[in-house]
Structure formats: C-alpha cells, structure tokens
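The values are calculated or read from the model by the stated rules, or taken from the named source; none is laboratory data. Here the structure is a predicted model, which is why all the values come from computation and not from measurement. Heads up, the Cβs are rebuilt from the backbone with ideal geometry, glycines too, and the neighbour counts pull from every protein chain shown.
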Amino acid sequence: MKKIEAIVRHFKLEDVKNALTEHGIHGMTVTEVRGFGRQKGHTEMYRGTEYTVDFVPKVKIEVVCSDGSLQTVVDTILQAAQTGQIGDGKIFVTDLQNSIRIRTGETGEEAL
Amino acid sequence: MFRHWLIAVGMCCLLGLTSIRNLPAQEADAAPAEATTETSAEAAAVDEETKDAASEPTPATSEEPVEANDEGPDLGSMQPGDPGYSTALMTRLIQLEKTAEEAALPGHNAWMLASSALVLFMTVPGLAMFYGGLVRKKNVLGVVMQCIFLMGVMTVLWGLVGYSLAFGGDNPYIGNLDHALLTGVTMTGGEAPMSGSIPTLTFMVFQGMFFIITPALICGAFAERMKFSTMVVFSIIWGIVIYCPLCHWVWGGGILAFGEDHALAGGALDFAGGTVVHISSGVSALVCALLIGRRLGFGTDDMRPHNLTYTALGAGMLWVGWFGFNAGSELASDGLAANAFVVTHFSAAAGAVSWAMIEWITRGKASVLGAASGAVAGLVCITPAAGFVQPMPALVMGASAGIVCYFACSKLKAAGGYDDSLDAFGVHGVGGTLGAVLTGVFATTQVNPGYANGVFYDPSGGMSVLIGQIVAVLVTFVFSIVGTFIILKILDATMGLRVSQEQETVGLDLSQHGEEGYIFL
C-alpha cells in the first residue's frame with residue numbers, strides 16, 4: 001500500500017476529489033495547511049505597517065491506495081491539480097505498513 | 001411554596017430599590033419613610049406602593065400650569081385697550097412659554113436617554129470589537145475585558161465621586177464633593193452646569209458614558225502587554241486625576257470653558273469632547289506606549305490584526321454610537337442636535353473615503369482597515385466642532401482627518417519608533433488635536449449664535465477663537481502628559497506595568513483571565 005500526500009491549490013480541491021472518485025478512490029482526508037516552496041509569499045499592509053507573509057495557505061489531500069493503483073492516482077491528481085504556474089503544489093508518496101478499518105477490524109487493502 | 005417565597009423576596013428587593021431610587025427626588029416629602037418601613041409587607045401591597053412612588057412627582061409638574069391659569073386676570077373677558085390688557089397678555093404669554101417648554105421636555109429627555117445608551121454602546125460592543133479585531137487572537141479577550149470591565153468600574157466611580165468632581169461647585173480648577181454619592185442629582189432639570197431642562201439624572205448618566213469610553217480608548221496603546229490589575233488601577237486614578245478636572249475645566253465652568261471670565265485665552269469651543277475625551281486619551285495613550293515599551297517581537301513577529309471583520313463591524317457601531325455622543329451633547333432634541341448629527345455623519349463619511357483613497361493612490365489598494373480607521377478619524381475630528389460647524393466644512397474636516405491620521409499612524413509612528421499598538425494616539429490624539437484647531441477655523445454663529453465665528457468666517461475676530469483652541473490643546477497636552485507620566489511611574493514602581501515575558505508570549509486571554517477567545521470543538 002502507498003500513502004499519497006498531495007498539497008494543492010484551494011480552488012483545485014473539488015476537481016481533484018471528483019477526478020479521484022471517478023477513478024474508484026473511496027476515501028480521502030483533507031487538511032488546511034500553510035507552507036512555502038518556490039512560490040514566494042506576499043506582503044500585506046495594515047495602517048502603513050508592512051508584513052511579509054511567507055507561509056502560503058494550501059490544501060493537503062491524503063489518499064491511501066494499493067500499490068497497483070498508485071500510478072493512476074498520481075496521474076489523476078497531477079492532471080486535475082495542474083495549472084502550470086508556480087505554486088501548483090507537490091505530491092509525496094510513502095510506503096504504508098498497514099491500514100485497519102475500526103468498525104470491522106479488517107486490515108490491509110481490504111480496509112481501504 | 002419555595003417559588004412563592006422567592007417571588008415575595010424578589011418583590012421586596014424591587015420595592016427597596018424603587019424607594020432608594022426615589023429618595024433624592026422626595027427628600028422634602030415624608031413618603032420615603034413610609035415606603036421603606038413597609039418593605040417587609042406582603043406582595044399585594046407592592047403594586048400600590050410602586051405606583052405611588054412612580055406617580056409622586058407627576059402632580060408637582062402637572063399642577064403648575066393649572067395654578068398659573070388661575071392666577072392673574074382672565075384674558076378672555078377683556079378687550080384690547082382695556083386697562084391691564086397688556087399685562088394680562090404678557091402673563092398669558094409667559095404661561096404659554098412655560099407650558100411649551102414643559103411639553104418639549106419629554107422629547108428632550110427621550111433623546112438624551114437614547115443618546116446615553118448609544119454612547120454606552122460605543123464602548124462594548126463598538127470599541128471592544130474595533131480594538132479586539134486588531135490584536136492577535138491570543139489577546140482578544142484581554143482587550144474585550146478591558147472595555148467591559150471599565151464599563152463597570154468607571155460607572156461605579158462616576159456615581160461615587162466622579163460626577164461631583166467634574167460638575168460640582170464653581171471653583172475654576174476642580175469640582176467639589178457636593179454631589180458625591182449623587183447627592184442632589186434628581187429628576188428635576190437645570191441643576192448642573194449646561195444641563196438645560198433635562199433631568200439632572202439624565203445629564204449625569206449621559207456624562208457618565210463619556211467617563212467610561214475615555215479610559216477605554218487609552219487601552220489601544222498598551223494592548224497585548226499590560227497587566228490587567230495595573231490597567232484597572234490606572235484607569236481609576238486617571239479618571240479621577242485627569243478626566244474629572246479636564247471635564248470640569250471645559251464643561252463645568254472651569255478654566256477652559258468658553259466665554260468664562262477666568263478662562264485661559266477665552267476658553268475652548270469643545271462641543272462633545274475633542275479635548276476632554278480624545279486629546280486627553282490620545283496623548284495619555286502615547287505616554288503609555290512610551291513608558292510601557294514595545295510588545296515582544298515588535299517589528300519582527302507577525303502582528304497582523306487577527307480579525308478585521310470585527311474591526312469593520314466595530315467601526316460601524318462606533319459610527320452609529322457617535323450620533324449619541326455628538327448630537328446628544330446638545331443635551332436637547334433641537335435644530336442644533338440635528339446639525340451635530342449631520343456633520344458627524346458627513347465627517348465620518350469623508351474620513352472613510354479619504355483614508356481609503358490615500359492608500360489606494362499610494363499602494364494601489366483601498367483597505368478595509370483604512371476605511372474603518374478613516375471613519376473613526378473623521379468622527380474624532382468633528383467631535384469638538386459638531387455644534388459649531390456646517391456640513392460642508394465637516395466634509396473638509398473629515399477628509400483632512402483621514403489623511404493626517406493616516407500619516408500619523410504610518411509615518412509618524414514609524415519615525416518615532418513607539419509601539420502605539422492600536423493607534424490610540426495616531427487616531428484620537430492627532431485627530432482630536434486637528435479637530436480642536438479646525439473648530440477654531442470653521443466655527444460659525446450661523447450654526448450656534450451663542451458662540452463665535454472662526455477665522456474662516458471672521459479672519460480678524462476669529463483669531464482669538466483659534467488661539468483659544470490652541471491654548472486649550474496645549475493645556476490638555478501638558479496636563480495629560482505630566483499626569484499620566486506620574487501615575488504610570490508610581491504604578492510601575494508599585495505594581496508593575498507589564499505582564500511577564502512568559503505571560504505575554506502565552507497571551508493575555510490565558511495569562512490574565514484564564515480563558516480563550518476561540519475554542520473549536
């Protein structure tokens with residue numbers, strides 16, 4: 001099993017979710033996050049005092065899938081979240097030891 | 001059974017309160033003695049008692065015109081030219097005038113009570129939200145608490161001694177204790193200086209609302225780092241030592257009262273508190289900011305306002321409340337009150353536009369905080385002038401306040417290096433000073449015939465008015481700076497002004513009040 005963490009733009013969240021469900025992904029977890037990469041922050045001005053905001057708000061999507069469907073999931077996210085501009089985000093893939101469905105106690109890919 | 005007992009106890013308490021409340025008005029009567037001795041009586045007697053107490057003063061006022069009608073010759077049976085006709089006519093006219101005045105009183109009183117409520121509304125929620133939105137979220141309750149607690153403590157203080165120190169006696173420098181514990185503050189009008197015909201109780205409570213908001217304005221300077229206990233003690237001492245004398249000087253017939261013989265440079269035109277409220281609090285705020293020092297991480301940490309939505313809503317509440325503040329300061333519901341209302345509105349509008357516009361021009365975006373701050377700057381600026389200037393000069397005053405205060409909050413503060421966290425000095429000190437000076441420019445007898453023309457309408461004669469304004473500003477500056485400095489130095493040595501570094505890092509909400517402003521479960 002693999003865990004995919006995709007950090008994407010806010011307004012791409014719906015597109016990514018729709019595309020993933022179309023490709024048979026039944027669940028995901030979404031978190032509001034802040035961070036920075038190559039996209040620079042911006043400045044804000046309050047009564048003449050300037051603040052540089054480095055941490056840009058993004059959405060993090062966590063999806064777990066079987067090894068076999070990894071490529072599909074990654075391609076789907078890539079396609080749905082891409083604008084071509086700096087700040088589109090990143091995808092991280094990690095190996096996952098196990099997953100357990102709390103209701104039934106099923107483990108592994110059956111729990112997905 | 002228990003419920004019945006509760007109701008009976010409640011009624012007794014109510015009755016007790018009613019008789020206490022009516023005491024001053026009934027000093028001459030024997031009625032209160034009866035009322036208090038019967039407090040332990042059954043619930044059935046309560047209704048009659050309270051009705052009695054409520055109707056007591058009515059005969060006194062309604063009898064007068066009837067008596068007056070009985071006096072003097074009957075005008076109806078006389079012809080013009082009869083001997084004594086003109087005297088009878090004059091008597092009748094005087095009677096009519098008196099009756100008309102009495103008929104207008106409920107109108108004046110209604111407006112003044114509504115105005116008092118509007119001014120209270122300015123502190124919480126108005127100022128609490130305006131300031132609350134500007135701090136970081138770990139300090140939002142700290143600011144709200146400062147406002148709401150001052151509503152309590154300053155009101156108590158006003159009733160005990162504050163009102164008397166501000167409006168008691170003829171001494172030009174300080175009031176006396178004649179009205180301490182509200183002695184002699186009754187339902188009858190005309191007892192306090194400038195109070196007109198409205199009940200002195202109404203006048204007292206209206207002025208009391210100013211006593212609340214003035215120290216609350218200072219809180220903007222030391223927000224996010226002052227010890228709550230010290231803030232409370234500071235506000236009490238500041239109210240007694242700075243506010244009451246200033247209020248007495250300007251409105252209690254003291255050394256800054258316009259037209260008084262003993263007034264410095266002829267006194268100041270201050271309709272609703274440009275010097276008493278805004279300059280005094282703004283300048284004291286600057287002293288506070290300088291003495292207490294900058295917040296930890298000032299200039300490096302992210303200190304953005306945590307919720308400008310609050311701030312914008314608070315600004316709207318302040319704008320509405322200010323109608324009571326300024327138009328209420330006429331102490332009557334008349335044409336001049338209408339003028340004060342309109343110029344207040346126009347100045348706020350011009351301020352909101354000018355501050356937002358200057359940001360739009362200099363940095364390409366008009367900001368919400370700019371529009372909100374500009375409105376408040378316009379309101380501050382028009383405060384001393386509300387009963388003296390016309391609507392078009394009010395537009396000029398508001399627009400200039402927006403621009404001048406913008407530079408005070410951005411450039412002047414940056415150059416000075418002080419941390420006036422929420423710009424209490426930049427908006428109230430600077431805006432109040434500008435307003436006081438511009439009142440000396442734009443005041444006109446067309447609005448208020450009882451006073452004087454400013455330099456715009458009377459270049460030679462108005463000069464003395466302008467000088468009077470400037471002298472009043474300087475006196476207020478020196479008095480507030482010296483007074484606040486001494487108070488703070490004493491408190492610093494005894495109680496300490498700041499919270500510890502650890503408490504400041506955690507935030508005032510948790511460290512001072514043991515609560516959090518936002519809990520998401």
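A few comments on the model shown:
- Those helices (runs of 4 or more DSSP H) lying entirely in the range B:100-183 with at least 1 residues free of Cβ contacts under 8 Å to residues at least 24 places away in the same chain and surrounded by fewer than 24 Cβ atoms within 10 Å (Cβ to Cβ): B:140-157
- Members of the range A:36-56 found to be surrounded by fewer than 16 Cβ atoms within 10 Å (Cβ to Cβ) and either within 13 Å of the chain's Cα centre (by Cα) or in a loop (DSSP other than H, G, I, E, B) (or both), listed by number: A:Phe36, A:Gly37, A:Arg38, A:Gln39, A:Lys40, A:Gly41, A:Asp54, A:Phe55
- Sole residue being at pLDDT 95 or above, surrounded by fewer than 14 Cβ atoms within 10 Å (Cβ to Cβ) and over 26 Å from B:Asp301 (Cα atoms), chosen from A:Thr29, A:Thr76: A:Thr29
- Count of residues meeting criterion [surrounded by fewer than 17 Cβ atoms within 10 Å (Cβ to Cβ), touching a Ser or Thr at 6+ places or on another chain (Cβ under 7 Å) and closer than 16 Å to B:Ile218 by Cβ] in the range B:463-514: 0
- Unmet criterion (only one of (1) assigned to a loop (DSSP other than H, G, I, E, B); (2) at pLDDT 85 or above; (3) outside the structural domain of B:Thr309 (by TED's automatic domain parsing)) for B:Leu96: (1)
- Test for B:Ile255: is it outside any helix (DSSP H, G or I), among the hydrophobic types (A, V, I, L, M, F, W, C), over 17 Å from the mean Cα position of the chain (by Cα) and surrounded by fewer than 24 Cβ atoms within 10 Å (Cβ to Cβ): yes
- Of the listed requirements (1) assigned to a helix (DSSP H, G or I); (2) within 14 Å of another protein chain (Cβ to nearest Cβ), A:Glu32 misses just one: (1).
- Checked against the criterion of being assigned by TED's automatic domain parsing to the domain that holds B:Ile218, under 21 Å from B:Arg295 (Cβ atoms), in contact with an Asp or Glu (Cβ under 9 Å, 6 or more places away or on another chain) and crowded, with 17+ Cβ neighbours inside 10 Å, the candidates B:Ala408, B:Ala436 yield just one match: B:Ala408.
- Pairs meeting the criteria (first residue in the range B:491-509 and among the β-branched types (Val, Ile, Thr), second residue buried (at least 19 other Cβ atoms within 10 Å of the Cβ), beta carbons under 8 Å, at least 6 apart or on different chains) are B:Val499/B:Arg225; B:Val499/B:Met226; B:Val499/B:Lys227; B:Val499/B:Leu508; B:Val499/B:Ser511; B:Val499/B:Gln512; B:Val506/B:Lys138.
- Enumeration of residues in the range B:360-377 that are of a type outside the set (Gly, Ala, Ser), within 11 Å of chain A (Cβ to nearest Cβ) and within 21 Å of B:Gly429 (Cβ to Cβ): B:Leu369
- Subset of the range A:75-112 [over 13 Å from A:Met1 (Cβ atoms) and touching a strand residue (DSSP E or B) at 6+ places or on another chain (Cβ under 6 Å)]: A:Ile77, A:Ala81, A:Gly89, A:Lys90, A:Ile91, A:Phe92
- Counting only helices (runs of 4 or more DSSP H) that sit completely within the range B:388-502, those holding 2 or more residues that are within 14 Å of chain A (Cβ to nearest Cβ) correspond to B:391-407, B:413-416, B:430-442.
- Qualifying residue in the range B:287-304 (condition: within 17 Å of the chain's Cα centre (by Cα) and surrounded by fewer than 20 Cβ atoms within 10 Å (Cβ to Cβ)): no
- Hits in the range A:1-16 (condition: farther than 16 Å from A:Phe92 by Cβ and either within 14 Å of another protein chain (Cβ to nearest Cβ) or touching a residue at least 40 places away in the same chain (Cβ under 8 Å) (or both)): A:Arg9, A:His10, A:Lys12, A:Leu13, A:Asp15
- B:Asp270 vs. criteria assigned to a loop (DSSP other than H, G, I, E, B) and either of a type in the set (Ser, Thr, Tyr) or crowded, with 24+ Cβ neighbours inside 10 Å (or both): yes
- The residues listed here are B:Thr275, B:Thr300; of these, the one that is among the β-branched types (Val, Ile, Thr) and either within 14 Å of another protein chain (Cβ to nearest Cβ) or farther than 23 Å from B:Thr344 by Cβ (or both) is B:Thr300.
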